[in-house]
Amino acid sequence: MIYSEILFYLLLNLLSWLVEIWKWIWAVLGPLLLLYLTKPEIFEKILIHVSFLLSYVSKTYEKKAVSREVRYLILENFVKKFDISEVPEISIEWGDEEKVIRDLRRGKLIIVLKGRKDRWSNIARALISIIPELLAPEMKAIYDRDFLDVLSAHIARSISKDHPTVVTSINEALSVYLEERRFRELSSKLVTIDDRSLFSRILVPELIRVAKFRYPQRDPEIDDEVYKLIDLLYRLSKGEEVKLPLIYGKYFRMVFVRVARPEKIEKLLIPHVNFVKSVMEKYKGINRIYVLAAGRNVAAGKFCLRMISNELKKIGKLAEQREYEYIGRYRDIPQMKLYLGRISLRS
């Protein structure tokens, strides 16, 4: 009987001790768990800072910290902007050559950086390296490496705009290219195209589509076509008058309809429809039609897309259509209602 009472007393004390330990654990971990469940992005930032603090003790933590920061920036803005469905685990390694290795077995992207530099430089170089791989791995084989670096740097700056130290390091990494006039002009044009939101909705999707079509053989002729497309999008973004808004090359074949002129709208957009029909008769391989409108002309732009689509249905050419309505900069007006419609044609 005495032993039973002693055992009961010990168990009671043990239970009381466990409860106290649990209270202490919950007091420490409870807020972190709630933060993880309600604000995962803040929780992730805490882990990033902890990893960087530990990096002073171990190089392993330095690699983990850079990996976490890069993935965080990718998930924060890049995924939404370019409609990326899944971002694999990202791992940083040091090596003799900067490259990205896709480990399909483990579902990882391994970024190899040449030489360890400071935290922000490592993040900047990792972002520039990984962005083409995330967009479409075929792009690395099809497009000029210098062009891809400038394109990636622009995207990296865009998704890191709330992190000035990262942006500064990206600019430093890009400085070697900006010494050349053609790359300065390219970088400037990409900024203008992005302001009008034609970067993520036209330029990048078209680059991805053509890269996948052309892969694995690289054709140097494609570089000239890419620059022609960028120049045309730049002029359209600025609202310049383009006599024939068309690119018809070996790989990029598209026409643009800008719904802006009152005299054409007053004629129920028939001139726009006739323009598309005449272009398709002359340029048989057109595979994309883009309709652009801004401000009070957005409704007319939508109607124009439907009119063109109906004409294409009659001849069995319509494959798919998509529409985007958003706020962006146009003709130096920072907050304007914009519209983009895209029609994909059957070959």
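How many of the residues in segment 102-117 are in contact with a helix residue (DSSP H, G or I) (Cβ under 8 Å, 6 or more places away or on another chain), without any contact (Cβ under 8 Å) to a residue 40 or more places away in the chain and not in a strand (DSSP E or B)?
Final tally of qualifying residues: 1.
Based on what the data block shows, is G328 small (G, A, S), in a strand (DSSP E or B) and within 26 Å of D83 (Cα to Cα)? Talk me through it step by step, then tell me what you get.
Numbers: small (G, A, S): yes; in a strand (DSSP E or B): yes; within 26 Å of D83 (Cα to Cα): yes.
Considered against the rule, which asks whether it is small (G, A, S), in a strand (DSSP E or B) and within 26 Å of D83 (Cα to Cα), G328 comes out as yes.
Under 6 Å between Cβ atoms, which residue pairs at least 6 apart in sequence (or on different chains) link something in segment 277-302 that is surrounded by 14 or more Cβ atoms within 10 Å (Cβ to Cβ) with a partner that is in a helix (DSSP H, G or I)?
Within 6 Å, the pairs are I286/M280; V291/G301; V291/C304; V291/L305; A293/G301; A300/I265.
State yes or no: is L198 surrounded by 21 or more Cβ atoms within 10 Å (Cβ to Cβ) and modelled with pLDDT of 95 or more?
Judged against the criteria, L198 is not a match.
Which of the residues spanning segment 321-347 are closer than 18 Å to T192 by Cβ and either of a type in the set (K, R) or without any contact (Cβ under 8 Å) to a residue 40 or more places away in the chain (or both)?
I327, R329, R331, D332, I333, P334, Q335
Specify the residue that is nearest to the chain's Cα centre (by Cα); the eligible residues are those in segment 219-252 that are surrounded by fewer than 18 Cβ atoms within 10 Å (Cβ to Cβ) and among the hydroxyl-bearing types (S, T, Y).
Y227
Got a sec? Which of S129, S85 is within 20 Å of the chain's Cα centre (by Cα), surrounded by fewer than 20 Cβ atoms within 10 Å (Cβ to Cβ) and either assigned by TED's automatic domain parsing to the domain that holds K63 or not in a strand (DSSP E or B) (or both)?
After ruling out the rest, the residue left standing is S85.
For segment 143-186, which residues satisfy the criterion of being among the polar types (S, T, N, Q) and without any contact (Cβ under 8 Å) to a residue 12 or more places away in the chain?
If the condition is that a residue be among the polar types (S, T, N, Q) and without any contact (Cβ under 8 Å) to a residue 12 or more places away in the chain, then S175 is the only one that fits.
The values are calculated or read from the model by the stated rules, or taken from the named source; none is laboratory data. Quick caveat: nothing in here was measured; it's all calculated off a predicted structure. Glycine gets a Cβ as well: all are built from the backbone with ideal geometry, and neighbour counts include every protein chain shown.
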